[in-house]
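Report on the structure given below.
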């Protein structure tokens, strides 16, 4: 149970490159961390680890449509490049301690499904980005 503040995402910001996909996106999951490198040596009584390279993954769900500036066109331009920049913040574009902005550089989207349709439902695209580096900004 949350006893202090709880975040209700009503106005996040999501950019893929220079394209603002916020209005096309209904789900964003950002996972950041570091690889665990084992540093256990003789005499240690348990496994020990140190921080390795950054680890980043981004999962986006976007409403699918076609044309210039669309989710499909934006993702098609990014697939396979390994140089995609993503910018994600939980509550708009003004960075602060309560609204950190994460910039992911050189992310890779190996594949995506440009057509994912079912009769009577809105067409959605799931985009998965991995790799690259992340930076967190809280400077107003």
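Read-outs throughout are calculated quantities, based only on the coordinates presented, and are distinct from any laboratory measurement. The structure displayed is predicted, hence computed values, not measured ones. Counting neighbours? That spans all protein chains shown, and the Cβs are built from the backbone with ideal geometry, glycine included.
Figures for the structure shown
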quantity	calculated
Pairs of alpha carbons in segment 13-137 whose separation is greater than 19 Å (percent)	53
Highest average packing first - 82-90, 32-40, Cβ atoms within 10 Å	82-90, 32-40
Segment 66-119: Cα Rg divided by the 2.2 N^0.38 Å rule of thumb	1.43
Label point distance in nm, residue 137-residue 66, each placed 7 Å from Cα along Cα→Cβ	3.6
Residue-span extension gain [residue 48 to residue 77] - 0.36 nm each, minus C-alpha spacing	6.3 nm
Cut-off 17 Å, label 7 Å out along Cα→Cβ of residue 55, residues of segment 95-125 by amide N	108
Residue exposure sequence - 122, 60 - by fewest surrounding Cβ within 10 Å	122, 60
